[in-house]
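Trainee: Encoded as structure tokens, here's the structure I'll be asking about.
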Amino acid sequence: MIELIAFIGMTAFISAEGWIVAHRLLQGSYGKGFEILLGLPLGAVINLLGILLLTIVGISLNSISIVSVNLIATLILLISVQPLLKAKSSIESSVDTLIIVPKALVVLSGFIIAASLIFAVSHVLLPTFHYDSTTNWNMRSKVSYHRAEVVFDSQDGLVSKSNYPFLFHALQISINQFSPNWSDKSANGIHLLLTLSCFGLLFSTIAKKGKFYALIVLALLLGIPLMTLHAGQSYADITLVGFALLSLLMFIEFRKLDDSRLLMLSGVFLSACVWTKSDGLFFCYIPWIIMVAIALVRHTGSIAHLRYPIGFSVIAAMTWPIFATVKELSLTPHGSGDAEIMLNIEAVSAFSSALFVTGSFGIYWYGLFSVLVVLLIGVRRGWDIAVDRRYFLTLLWGLIAMASYMGVYLLTSNTEYLIIGQSFDRQMLLPASLLTLSLSYMVIPRRL
């Protein structure tokens with residue numbers, strides 16, 4: 001009972017911090033529900049900032065220090081958004097054309113989402129079963145909780161990958177404060193709520209095109225077999241995907257409304273990606289920078305109002321590599337070996353098999369590539385296809401991320417992890433999800 005009370009209390013505290021910042025920044029422009037759903041994702045970033053400050057100063061992680069520094073971190077973020085408080089959308093918010101979809105698809109989507117939720121909730125309540133979590137994710141958080149500090153060494157073999165960024169761990173450490181003992185249920189439970197918040201934001205935003213359409217898009221994302229498996233938490237891959245989707249979502253909405261505050265939120269969630277997993281730096285930060293740079297070149301009118309949110313985003317995201325360099329931590333999972341060039345013909349067939357045959361994605365990549373190819377060829381040849389061209393640019397993130405993963409697993413020593421199926425499939429969740437979100441905004445189905 002005490003663990004449950006502690007969990008509810010800290011969840012409410014972290015979410016309230018995020019809501020305060022969201023409300024201050026947006027000032028009701030996008031509705032109360034939007035701000036409330038932003039609470040926990042923004043609160044996770046605030047909590048990370050707080051744990052980072054305590055780590056730099058060298059203060060022990062305990063309930064008093066974490067609560068106190070979270071309040072300081074909230075104040076810092078409130079001050080950071082101050083220059084954007086007078087920002088307004090430079091164009092009128094247009095009403096999206098409602099998309100009507102077949103009822104059979106709606107029913108099927110409902111079943112997929114319900115099954116994913118049942119699996120997620122039940123497995124959060126069960127003991128952690130992922131191997132990597134018992135040696136890295138939850139284990140590092142648990143050891144850090146007991147040591148009252150974020151650990152950056154193996155702790156005599158207890159922890160692996162202690163060089164990883166620690167937003168995931170910071171949230172688990174904080175949620176277990178005020179609890180007499182470490183609880184895996186609380187550690188996984190807070191990340192389940194974070195996942196629900198991220199996908200809830202996706203649903204509420206896409207619902208402008210129609211609630212049933214948003215339900216189908218949500219089912220396409222959560223219905224990826226491997227995504228459903230990771231919804232049980234204790235891995236950071238779904239946390240990374242959640243933050244990346246929010247960052248892309250805010251960028252898409254920025255493209256539609258030209259509101260610099262949305263670009264600021266996109267950058268904040270980008271920094272969350274970088275602080276969640278090593279992949280965030282290479283497969284989120286770099287594609288995001290390229291995408292934003294192209295958007296700036298093509299932007300009509302003054303870009304003065306965009307300089308601050310972009311500058312803030314770059315600085316916030318770069319704090320991790322700077323911190324890691326100072327701490328002499330590797331920015332890649334396996335150190336310098338990750339950059340070792342290695343050509344392996346066997347990896348090519350393994351790559352194709354992982355995407356199209358072995359079952360982690362089912363028919364997902366077949367469908368995704370088919371839509372993408374038809375879309376690109378159709379637009380180029382002038383076919384009668386309803387496409388919103390404003391969002392072509394957003395495809396870049398998913399395509400660059402996928403090309404980068406291909407390079408890593410086909411041209412470096414990481415080919416061994418592809419061949420034995422150790423990590424490739426779950427990392428491909430990122431480009432698959434990003435491309436799905438972009439296409440959901442680009443493709444405008446005819447009324448049925």
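Trainee: Relative contact order, percent, of segment 286-444 when contacts are C-alpha pairs under 8 Å separated by at least 6 residues? Walk me through the numbers before you get to the answer.
Mentor: On the way: 120 pairs, mean separation 49.8, N = 159.
31 percent.
Trainee: Which value results when the Cα radius of gyration for segment 256-308 is divided by 2.2 N^0.38 Å?
Mentor: Values: Rg = 12.0 Å, N = 53, 2.2 N^0.38 = 9.9 Å.
Here the Cα radius of gyration is 1.21 times the empirical estimate.
Trainee: Let me ask something additional. Calculate one ³J(HN,Hα) per residue across segment 203-210 by plugging θ = phi - 60° into the Karplus curve 6.51 cos²θ - 1.76 cosθ + 1.60, and present them in order as whole Hz with x for glycine and proline.
Mentor: My calculation for segment 203-210 gives 4, 5, 7, 5, 4, 4, 8, x Hz in order.
Trainee: Restricting everything to alpha-carbon atoms, can you work out Rg to Rh for the chain with a Kirkwood hydrodynamic radius?
Mentor: Details: Rg = 21.2 Å, Rh = 22.4 Å.
Here the Rg-to-Rh quotient is 0.95.
Trainee: Using θ = phi - 60° and the Karplus relation 6.51 cos²θ - 1.76 cosθ + 1.60, list the HN-Hα couplings for segment 98-114 in order, rounded to whole Hz, with x at every Gly or Pro.
Mentor: 5, 9, 9, 10, x, 5, 4, 5, 5, 5, 4, 4, x, 5, 5, 5, 4
Trainee: With an 8 Å Cα cut-off and a minimum separation of 6 or more residues, compute the relative contact order for segment 92-219 in percent.
Mentor: Value for segment 92-219: 36 percent.
Trainee: Continuing with this model, one more query. Ranked by Cβ crowding within 10 angstrom, fewest neighbours first, how are ASP132, ASP184, ASP156 ordered?
Mentor: On the way: ASP132 18, ASP184 21, ASP156 6.
In increasing order of surrounding Cβ atoms, one gets ASP156, ASP132, ASP184.
Trainee: Still on this model: Given ILE315, PRO287, LEU329, which one lies farthest toward the positive end of the charge dipole of segment 274-365, if we put +1 on the Cβ of every Lys and Arg and -1 on the Cβ of every Asp and Glu?
Mentor: Checked the options; the winner is ILE315.
Trainee: Moving on to the next point. Please list, short to long, the whole-number percent of alpha-carbon pairs of segment 100-250 in consecutive 5 angstrom bins beginning at zero.
Mentor: 2, 10, 18, 20, 17, 13, 9, 6, 4, 2, 1, 0
Trainee: Could you state the per residue volume, in Å³, of the convex hull enclosing the Cα atoms of segment 108-178? Don't jump to the answer; show the numbers that get you there.
Mentor: Numbers: hull volume 8.4 nm³, N = 71.
Taking the convex hull of the Cα positions in segment 108-178, it is 118 Å³ per residue.
Trainee: Another question, if that's okay. Pairs of Cα atoms under 8 Å, at least six residues apart: use those to get the relative contact order of the chain, whole percent. Kindly include the intermediate steps, with their values, before the conclusion.
Mentor: Numbers: 642 pairs, mean separation 76.9, N = 448.
It comes to 17 percent, rounded to a whole number.
Trainee: Turning to a different aspect of this structure: P(r) for segment 323-429: what percent of alpha-carbon pairs falls in each 5 Å bin, starting at zero?
Mentor: 2, 10, 16, 18, 15, 13, 11, 8, 4, 2, 0, 0
Trainee: Give me the tail of P(r) for segment 383-435 as a percent: Cα-Cα pairs with distance above 12 Å. Walk me through the intermediate numbers first.
Mentor: On the way: 938 of 1378 pairs.
Value for segment 383-435: 68 percent of Cα pairs lie more than 12 Å apart.
Trainee: Could you list HIS130, HIS299 in order of exposure, starting from the residue whose Cβ has the fewest other Cβ atoms within 10 Å? Don't skip to the end; give the middle numbers.
Mentor: Working: HIS130 17, HIS299 13.
Ascending number of Cβ neighbours within 10 Å: HIS299, HIS130.
Trainee: Can you put THR228, THR300, THR239 in order, fewest other beta carbons within 10 Å first? Don't skip to the end; give the middle numbers.
Mentor: On the way: THR228 19, THR300 7, THR239 26.
Fewest to most other Cβ atoms nearby, the residues stand as THR300, THR228, THR239.
Trainee: When the gyration tensor of segment 287-329 is built from Cα positions, what are the square roots of 5 times its three eigenvalues, in whole Å, from largest to smallest?
Mentor: Values: eigenvalues 156, 25, 4 Å².
For segment 287-329, the semi-axes come out at 28, 11, 5 Å.
Trainee: What value in Å³ per residue do you get for the convex hull of the alpha-carbon atoms in segment 181-318? If you can, show how the numbers build up before the last one.
Mentor: On the way: hull volume 16.7 nm³, N = 138.
Residue-normalised Cα hull volume stands at 121 Å³.
Trainee: In sequence order, what are the phi-derived ³J(HN,Hα) couplings for segment 193-198 according to the Karplus relation 6.51 cos²θ - 1.76 cosθ + 1.60 with θ = phi - 60°, rounded to whole Hz, with x for glycine and proline?
Mentor: Karplus-based 3J(HN,Hα) across segment 193-198 equals 5, 5, 4, 4, 5, 4 Hz.
Each reported figure results from applying straightforward, stated rules to the coordinates on display, with no laboratory input. The shown structure was predicted, so the numbers you read here are calculated from the model rather than taken from an experiment. Here Cβ is always computed from backbone atoms with ideal geometry, including for glycine, and neighbour counts include all displayed protein chains.
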